[in-house]
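To start, the structure itself, in structure tokens.
The values are calculated or read from the model by the stated rules, or taken from the named source; none is laboratory data. Because the structure is predicted, anything quoted here is derived from the model rather than measured. Counting neighbours? That spans all protein chains shown, and the Cβs are built from the backbone with ideal geometry, glycine included.
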Amino acid sequence: MTLLSLTTGFLLWMCCATHKASAGAACEDPPLIEFGKIVSGIKSEYEENDRVQYTCDPGYALSGSEWVTCHGKVWMPGPPQCLERPCGNIPAVANAAFEGRSKEKYEPGETVRYQCHEGFQVTGPPEIFCRRGNWSTPPICEEKDRKCGPPPDIEYGDILSFPLPEYDHGKTVKYKCPSFYILEGPEQITCINGLWTNPPVCLAACTASEEDMDRNNIELRWRGERKLYSTSGDFVEFDCKIGHVQDPASSPFRVQCMDGTLEYPRCKPGRNCSLNETAMDRNNIKLRHSRRSNIYHSKETISFKCNFWFRAVSNPEDFEAQCQDGVINYPRCQLYFG
């Protein structure tokens, strides 16, 4: 046998041995699946035609073949899937009905809402949801047979009827507030399953105190107004007293009554005014009423009129000038034929 024939024989043997080894090679580990696991056929190494079996976690259904086989280094058919199970009929709840139409099958995540019959109250969440083939816990509808005790007291207010030691479900009572108080909220409350609905409140009136106004050098803006009482929510307007001007640091002079409280503005002493006779002669005016002193307090009114043979050029309201913190704005007149 020649060297060439030996070499050729060795190469043919190697080729056949390699092909045989390749045909019997093991598969890789079978793939894992979500929400499932392998329960049969588990080995450390897998050979041709080995099989493994899959199963799903509770609440999930197998989609595909539960068995897969090692064939040519590939697991056939492909691994199955574990899909969340749907739910069946809606659970019945006594003294309640569910919203919508009934179905034989409900997909995972679907919800159903219950409504208790009249005279019954829901206990627990009113909705149920489908998850992994099962419904969540349904609610309970119980009778509203609990009674209420006496209605709650409210500050400054009272009920319109004589209070009873207990009230049946559905009974109502009404409240009232005294004069100058505002009733805010429902006038009537109801007993529901042993509890009263929220009662109203009586908002206190505000009293514009003479002492507080004197302390802040203010008075009611409309001097003929003697309304010292204001209901909550009303606005009260103030002005400085004669001889005073608004303090720059004061709060607004239009104040809202807030449940018995007023925030008073403040005035400070103003500068007096002295009549300037030169300015009066230049503007052809004189005082409407004579007086001993030519000194006027701040905010005090000074009435002017035209001299004889002169007519008004300024507006009529300008002839009722006011001392403004030491300053007088004089009106002006001119000759009839000037």
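Picking from residues in the range 123-157 that are out of contact with any Phe, Trp or Tyr (no Cβ under 8 Å at 6 or more places or on another chain) and outside any loop (DSSP other than H, G, I, E, B), the one that is nearest to VAL93 (Cα to Cα) is ILE140. Every condition in (1) in contact with a Phe, Trp or Tyr (Cβ under 8 Å, 6 or more places away or on another chain); (2) among the hydrophobic types (A, V, I, L, M, F, W, C); (3) surrounded by 14 or more Cβ atoms within 10 Å (Cβ to Cβ) is met by ALA97 except one, and the failing one is (3). Of the residues screened, ILE42 is not one that is assigned to a loop (DSSP other than H, G, I, E, B) and either surrounded by 14 or more Cβ atoms within 10 Å (Cβ to Cβ) or in contact with a His (Cβ under 7 Å, 6 or more places away or on another chain) (or both).
Name the one entry in PRO252, PRO186 that is part of a loop (DSSP other than H, G, I, E, B), more than 27 Å from CYS323 (Cα to Cα) and in contact (Cβ under 8 Å) with a residue 12 or more places away in the chain. Please lay out each step first, then the result.
Details: PRO252 fails: more than 27 Å from CYS323 (Cα to Cα).
Being part of a loop (DSSP other than H, G, I, E, B), more than 27 Å from CYS323 (Cα to Cα) and in contact (Cβ under 8 Å) with a residue 12 or more places away in the chain holds for just one of PRO252, PRO186, which is PRO186.
Restricted to the range 283-295, and to residues that are at pLDDT 95 or above and outside any loop (DSSP other than H, G, I, E, B), which residue is nearest to MET213 (Cα to Cα)? Among those that are at pLDDT 95 or above and outside any loop (DSSP other than H, G, I, E, B), it is LEU287.
If the condition is being surrounded by 13 or more Cβ atoms within 10 Å (Cβ to Cβ) and in a loop (DSSP other than H, G, I, E, B), then the range 158-168 contributes only LEU164.
Can you confirm whether PRO331 is loosely packed, with under 14 Cβ neighbours inside 10 Å, assigned to a loop (DSSP other than H, G, I, E, B) and either in contact (Cβ under 8 Å) with a residue 40 or more places away in the chain or not hydroxyl-bearing (Ser, Thr, Tyr) (or both)? It is false that PRO331 is loosely packed, with under 14 Cβ neighbours inside 10 Å, assigned to a loop (DSSP other than H, G, I, E, B) and either in contact (Cβ under 8 Å) with a residue 40 or more places away in the chain or not hydroxyl-bearing (Ser, Thr, Tyr) (or both). Scanning the range 296-314 for residues that are of a type outside the set (Lys, Arg), surrounded by 13 or more Cβ atoms within 10 Å (Cβ to Cβ) and farther than 21 Å from ASN272 by Cβ returns CYS306, ASN307, PHE310, ALA312, VAL313, SER314. TRP135 passes every criterion in (1) of a type outside the set (Ser, Thr, Tyr); (2) more than 21 Å from LEU195 (Cβ to Cβ); (3) surrounded by fewer than 17 Cβ atoms within 10 Å (Cβ to Cβ) apart from (3). Scanning the range 218-249 for residues that are among the hydroxyl-bearing types (Ser, Thr, Tyr) and surrounded by fewer than 18 Cβ atoms within 10 Å (Cβ to Cβ), we see that the one that is modelled with the lowest pLDDT is TYR229. Criterion applied to LYS171, LYS144 was being surrounded by 14 or more Cβ atoms within 10 Å (Cβ to Cβ), more than 30 Å from GLU107 (Cα to Cα) and free of Cβ contacts under 8 Å to residues at least 24 places away in the same chain, and the one residue passing it is LYS171. Would you confirm whether or not the range 78-92 contains a residue that is within 30 Å of ARG51 (Cβ to Cβ), surrounded by 13 or more Cβ atoms within 10 Å (Cβ to Cβ) and out of contact with any Gly (no Cβ under 9 Å at 6 or more places or on another chain)? Within the range 78-92, one or more residues are within 30 Å of ARG51 (Cβ to Cβ), surrounded by 13 or more Cβ atoms within 10 Å (Cβ to Cβ) and out of contact with any Gly (no Cβ under 9 Å at 6 or more places or on another chain). Here is the figure for the range 75-96: residues that are farther than 30 Å from PRO30 by Cα and assigned to a loop (DSSP other than H, G, I, E, B) total 8. Screening SER136, SER102 for residues that are over 30 Å from ALA204 (Cβ atoms), modelled with pLDDT under 90 and small (Gly, Ala, Ser) leaves exactly one candidate, SER102.
Residues that are over 23 Å from ARG254 (Cα atoms), over 33 Å from the mean Cα position of the chain (by Cα) and not assigned by TED's automatic domain parsing to the domain that holds GLY260 do occur in the range 169-185, at least one of them.
Residues that are assigned to a helix (DSSP H, G or I) and in contact (Cβ under 8 Å) with a residue 12 or more places away in the chain were ranked within the range 315-328; the one that is surrounded by the fewest Cβ atoms within 10 Å (Cβ to Cβ) is ASP318. Every listed requirement among (1) in the same structural domain as PRO163 (by TED's automatic domain parsing); (2) within 19 Å of GLY157 (Cβ to Cβ) is met by THR231 save one, (1).
Keeping to the range 100-111, report how many residues are touching a Cys at 6+ places or on another chain (Cβ under 6 Å) and either exposed (fewer than 11 other Cβ atoms within 10 Å of the Cβ) or assigned to a strand (DSSP E or B) (or both).
Our first condition is that a residue be touching a Cys at 6+ places or on another chain (Cβ under 6 Å); within the range 100-111, this holds for 106, 108, 110.
Retained after the next criterion (residues that are either exposed (fewer than 11 other Cβ atoms within 10 Å of the Cβ) or assigned to a strand (DSSP E or B) (or both)): 106.
So the answer is 1.
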